[in-house]
Amino acid sequence: MTVGRLVRTGLVGGIAVLFVAMTGLLAKVAEINLIGTQITGARVLLAIAPFVAAYVAVRPRVVAGRLEEASSSSAAMSGAVAGLAAGGLVAAALVFTDRYGIERVREIFIQVDPQLLEIVGFVQSVAVGALILAAGGALLGAAGGAFRTMRPPWRRPIGTAVGVTLLAGLLQRIIPISLVQLGIKADWLYSPATDGLTWLGAFLILVGSLGCSWLWARRGKAARDTVRTIVREQPSARIIVLIVASGVVATIPLLLGAVISEVLGTVMVFMLLGLGLNIVVGYAGLLDLGYVAFFGFGAYAMALLTGGTLNTTTGSAAPAFGMDLNFYVAIPIVMLLAAGVGLLIGAPVLRLRGDYLAIVTLGLGEMVSILISSTWLKPLVGGPQGMRNVTDAEIVGFSFRDPQHFFYLALVFVLLAVFVSWRLANSRIGRAWNAMREDEQVADAMGISTTRFKLLAFATGGAVGSVGGALFAVKIGSLTPQSFEIIVSITALAVVVLGGMGSIPGVVVGALVLIGLPGLLREFEEFRLLIYGAALVSIMILRPQGLVPNIRRSRELQEEDVSQDKWAEELAAETGVAAPIGPAGEGSG
Amino acid sequence: VANASTPGDDTTTVVRMSAFDRLPLRRMVLVGLSVAIAVFVIWGSWKTLDAKAYSGAAWREFVILGIAQGAILALIALGYTLVYGILRMINFAHGEVFMAGAFGSYFFSAAYTRSGFMDRHPIPALLILFLTAIVTSVTVAVLLERIAYRPLRNSPRLVPLITAIGASLFLQNTARGFFGTQTRGYAKPQILAGDWTILGISIARIQVVVFVVSVVAMIVLQVFVSRTKTGKSMRAVAEDQEIASLMGIDVDRIVVTTFAIGGVLAGVAGVLFALTFEQVNFFMGVRPGIAAFTAAVLGGIGSIGGAALGGFLLGLLQSIGPALLLTGIGVPSPFQLKDVVTFAVLVLVLIFRPGGLLGAGGAEKV
């Protein structure tokens with residue numbers, strides 16, 4: 001293990017810290033108290049860098065065909081070197097900024113202010129802060145190195161427990177509210193003064209999750225199998241599970257309160273967009289970057305059909321075209337029209353494949369956003385001022401504008417879309433899409449009319465996406481062009497990609513992570529796009545099949561990777577004998 | 001038309017084809033579409049010219065503006081085309097490389113303007129601006145290739161494209177975080193203010209500079225690619241990566257070089273753009289990036305001459321098109337729809353001539 005490599009890995013960790021500091025993210029998360037007032041989000045970020053750098057630096061490697069695994073003590077030493085490099089870089093930057101003059105640095109990097117230096121320097125003088133950073137980096141690095149060499153039965157529960165505790169601290173806006181709704185007084189767990197966990201609460205959660213994780217590692221598989229057998233063999237058990245699950249889902253908005261229900265509503269709108277885009281991208285393999293066109297179309301069509309009015313400087317005016325339909329009458333019309341728009345967008349680009357298709361759809365999506373804010377279409381859709389008075393989808397006097405009510409309306413449509421996607425996936429149509437995605441020419445030769453199935457994919461995806469738009473219009477009641485920009489297309493794409501292209505649970509997870517988390521943690525709001533960008537790149541490099549992969553799709557994406565090492569790994573997994581090569585250190589212990 | 005089976009031959013399956021597949025519907029639609037477009041163009045232009053909405057001087061302004069902007073688009077388009085030629089991927093983040101160059105030079109420009117160096121010694125100051133922009137852009141482009149694209153060299157085509165979109169978003173928002181959301185004024189030296197009279201026409205100095213610098217950069221690029229050893233290696237890699245590597249060409253090095261050259265051109269374009277519009281912001285790479293890509297496609301992606309031609313053509317279309325086509329038929333503020341013209345051109349080129357104007361004319365199936 002060369003020192004050069006260790007230092008390099010450490011420096012990458014240090015650069016990551018400097019990056020989050022200079023973008024302003026570090027200062028933002030410094031406001032989050034995770035545990036007490038001592039463990040803030042910023043300090044966790046500062047600590048994670050050397051730890052992870054060391055953890056990665058000392059991972060077992062294959063050298064000359066042999067697996068080289070460091071002993072605990074040497075790993076700790078190496079980790080300390082990497083951690084020192086990470087911490088040292090940050091310390092050096094701190095000293096440099098102070099010496100060079102913070103004002104001069106700030107002329108370029110506007111986030112570098114005295115407050116940031118305080119955060120990075122632990123509210124000490126610069127020299128002491130730099131010392132803490134370097135020494136702390138070395139210590140954490142040593143810990144990271146040692147942790148890597150720990151045996152998996154110990155390492156996993158510890159890692160899980162620390163992760164769960166930090167997550168519990170991060171979810172300080174959800175957990176206490178739900179506990180209060182359940183009638184549990186939670187002051188001993190979450191301190192009202194700091195918003196975060198109390199030290200006692202953190203300790204209890206740590207111990208609890210450690211125990212659970214340890215038990216799960218020992219008995220989890222057996223327990224899961226037992227439950228599965230019961231559910232499979234006893235129909236009544238299945239019904240009970242179903243009732244319990246729907247009961248839990250039905251009480252979510254009541255449990256979580258209006259603020260979180262509001263976020264959940266947005267999450268579900270994007271779930272619909274993700275499900276629609278998943279049909280186009282995941283099933284049919286057509287990369288559509290103009291999905292915002294359907295979102296915008298659905299929203300504005302719903303507004304126009306249900307009596308929305310234009311915002312003007314003096315009040316409101318009737319649009320050039322408008323109807324006064326009920327939401328439930330309008331929604332099928334919107335879907336049909338959107339399917340038509342899908343055909344219109346799809347038709348000219350049928351012959352294009354891959355990247356060209358992406359750019360053309362991007363252009364078409366941009367055209368829609370430009371048009372809805374243009375002066376030309378102002379009499380129809382209100383231009384920059386937009387529209388208001390969209391229906392609230394009321395049903396016998398029950399309005400769905402309220403976030404807690406909107407949840408149920410959105411849930412119905414999400415379930416419908418999930419059902420449609422699920423049935424489509426394995427239908428004749430879905431198989432045709434798969435074939436087309438994997439090799440268009442072969443599919444064509446096998447008698448699949450690629451023209452027809454491409455159009456069908458655009459139309460179906462468009463219809464589902466327009467429902468997302470229509471519900472969005474119902475949810476917020478008024479529309480402005482700012483909600484319909486290219487970023488919607490990219491967010492929907494990120495949702496699909498993060499979860500795994502072609503995977504329905506993937507879309508659900510993707511929407512919860514990408515829309516839900518930033519919505520709940522308002523500190524992250526302005527860094528959302530930065531995080532999406534980083535997520536798209538890293539998912540594509542590290543795990544192209546996504547978090548919850550579709551099995552067939554992941555096989556296709558990994559085809560290139562099936563090398564001899566892979567084969568050896570699989571053999572080892574099957575026979576339980578460690579393979580001669582490859583990173584099989586995980587299971588052997 | 002497959003039911004040509006002889007009677008009594010029961011082994012032949014009758015393949016039914018629907019009317020949709022049998023009719024040359026696509027051709028009919030295309031012919032109809034092109035007729036509709038021609039009618040629209042002629043009608044719109046006629047109405048505008050008939051109404052005498054703009055004076056002759058205004059049209060001349062449009063043309064000059066179009067050429068100047070086209071020159072910048074051409075420089076960016078070359079970056080797309082070079083990378084596409086070699087890796088067959090759309091470097092979606094190229095617009096951000098351009099933005100990085102403009103931002104990199106901004107800080108020097110601001111400092112020089114404040115100290116007065118800019119107006120006292122405009123030529124060295126401008127050279128330093130170009131240099132810093134080039135260095136920044138090249139750094140970003142090379143890092144992009146190394147970190148984001150190289151690990152995905154042999155993945156399915158959608159994977160690098162999605163990565164590129166992610167990288168674009170990431171770079172944009174990095175700039176937003178580092179430098180803030182506000183638009184910053186980018187002062188140009190006194191020497192570039194005002195007009196020059198050339199052949200009896202008075203043209204803004206900055207537009208002359210933009211044109212000259214771009215054309216020089218393009219000529220240098222053309223010479224580099226056709227004459228130098230590296231340029232020849234680039235063409236060899238574009239032709240066939242595997243064979244090129246067998247002939248002793250270091251493909252990785254050539255790919256990096258290509259990204260770096262794209263970065264140089266983007267940096268130059270960044271300074272020219274900033275000097276023309278006298279401002280920079282983190283979002284400035286998006287629309288020019290898409291427009292430049294359109295220009296590359298219009299000229300024939302993968303071809304250097306095509307990118308240059310496409311850039312100038314699109315610049316002209318953007319500056320003349322909305323005024324000429326939309327004013328007469330009563331569309332208010334037609335220049336809001338400038339980018340609609342861009343995208344319409346892109347879609348039409350891809351429908352009618354996917355190979356681009358100088359490309360293989362649709363022979364390459366895209």
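The values are calculated or read from the model by the stated rules, or taken from the named source; none is laboratory data. What you see is a predicted model; the values in this text were computed from it and never measured. So basically every Cβ, Gly included, is an ideal-geometry build from the backbone, and we count neighbours across all protein chains shown. Accessible surface areas use protein heavy atoms only, side chains included; no ligands, DNA or RNA. Shrake-Rupley method; radii C 1.70, N 1.55, O 1.52, S 1.80 Å.
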*Amide hydrogen neighbours beyond the local backbone of A:ARG61, cut-off 5 Å, H modeled*: A:GLU68
*Provide A:GLU233, B:GLU145 ordered by accessible surface of protein heavy atoms (probe 1.4 Å), highest first.*
A:GLU233, B:GLU145
*Those GluC sites (Glu not before Pro) in the range A:98-149 that DSSP places in a loop and that have at most 14 other beta carbons within 10 Å*: A:GLU107
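Which net charge results when you count Lys and Arg as +1 and Asp and Glu as -1 among the other residues whose beta-carbon is under 10 Å from that of B:GLY85?
+1
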*Volume per residue that the Cα convex hull of the range A:379-420 spans, once the total is divided by residue count, Å³*: 132 Å³
*Give the accessible surface of chain B per residue, rounded to a whole number of Å², with probe radius 1.4 Å and ligands, DNA and RNA excluded.*
45 Å²
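What is the local net charge at A:ASP392, summed over the other residues whose Cβ is closer than 13 Å to its Cβ (Lys, Arg +1; Asp, Glu -1)?
Working: positive: A:ARG388, A:ARG401, A:LYS475; negative: A:GLU394, A:ASP402.
Within the 13 Å Cβ shell, the charges total +1.
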_chain B: DSSP helices with Cα axial extent of at least 27 Å and average Kyte-Doolittle hydropathy no lower than -1.0_ = B:25-51, B:56-87, B:94-115, B:122-144, B:158-179, B:205-227, B:251-277
*With a 1.4 Å probe and all protein chains in place, put B:HIS121, B:HIS94, A:HIS405 in order of accessible area, largest first.*
B:HIS121, A:HIS405, B:HIS94
_Can you give me the Rg/Rh ratio for chain A, using Cα atoms for both radii and the Kirkwood formula for Rh?_
0.99
*When every alpha-carbon pair in the range A:4-142 is counted, what percent end up more than 19 Å apart?*
51 percent
*Tell me, what % of the accessible area of the range B:220-366 is carbon and sulfur with a 1.4 angstrom probe?*
62 percent
*Under 5 Å between amide H atoms, partner at least 5 residues away or on a different chain: which partners does B:ASP195 have, H built in plane at 1.01 Å?*
B:ARG205
*Degrees, to the nearest 10: A:72-100 long Cα axis against longest axis of chain A*: 70 degrees
_Can you classify the range B:75-210 as rounded, prolate or oblate using the Cα gyration tensor, where a ≥ b ≥ c are the square roots of its eigenvalues, rounded means a/c under 1.5, and otherwise it's prolate if a/b beats b/c and oblate if not?_
prolate
*Mean accessible surface per residue for the range A:80-156, computed with a 1.4 Å probe while every protein chain stays in place, in Å²*: 51 Å²
*Helix A:292-305 versus the longest principal axis of chain A: what is the Cα-based angle in degrees, 0 to 90, to the nearest 10?*
40 degrees
*For the pairs B:LYS188/B:LYS338; A:LYS378/A:LYS454; A:LYS378/B:LYS52, note any where the Cα-Cα span goes beyond 29 Å.*
A:LYS378/A:LYS454
_Principal axes of the range A:310-378: Cα extent on each, largest first, Å_ = 47, 30, 13
_A/B buried area, accessible surface, summed, 1.4 Å probe, Å²_ = 5100 Å²
*asked:* Could you tell me how far the Cα centroid of the range A:312-342 sits from the Cα centroid of the range B:65-129, in Å?
replied: 44 Å
*In degrees between 0 and 90, to the nearest 10, how far off the longest principal axis of chain A does helix A:235-277 point, with axes built from Cα atoms?*
80 degrees
*Which far-off residues, 5 or more places away or on another chain, put their amide H under 5 Å from the one on A:LEU479, with H placed in the peptide plane?*
A:MET387, A:ARG388
*asked:* Within 10 Å of each candidate Cβ there may be at most 16 other Cβ atoms; applying that plus a DSSP loop requirement, which chymotrypsin sites (Phe, Trp or Tyr not before Pro) in the range A:154-252 survive?
replied: A:TRP188
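Determine the calculated [θ] at 222 nm for the protein assembly as shown from helices alone, applying -39500 (n - 2.57) to every DSSP H run no shorter than 4 residues and normalising by the residue count; nearest 500 deg cm²/dmol. Mind dumping the intermediate values first?
Values: 40 runs with 649 residues, N = 955.
The helix contribution divided over the protein assembly as shown gives -22500 deg cm²/dmol.
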_Classify the range A:182-241 from the C-alpha gyration tensor, please: rounded if a/c falls under 1.5, else prolate or oblate depending on whether a/b exceeds b/c._
oblate
_Using Cα-Cα distances under 8 Å and only pairs 6 or more residues apart, what relative contact order does chain A have, in percent?_
16 percent
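On the protein heavy atoms, probe 1.4 angstrom, tell me the percent of accessible surface of chain A carried by carbon and sulfur. Don't skip to the end; give the middle numbers.
On the way: 18210 of 27340 Å².
C and S atoms contribute 67 percent here.
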*Rank these residues by their accessible area, most exposed first, probe 1.4 Å: B:ILE76, A:ILE39.*
A:ILE39, B:ILE76
*In whole Å, how far is the Cα centre of the range A:357-381 from that of the range A:193-266?*
44 Å
_If you average the alpha carbon positions of the range A:35-49 and of the range B:151-220, how far apart do those two centres end up, in angstrom?_
40 Å
*For chain B, rounded, prolate or oblate, judged on the Cα gyration tensor with a ≥ b ≥ c (square roots of eigenvalues), a/c < 1.5 rounded, else prolate if a/b > b/c?*
oblate
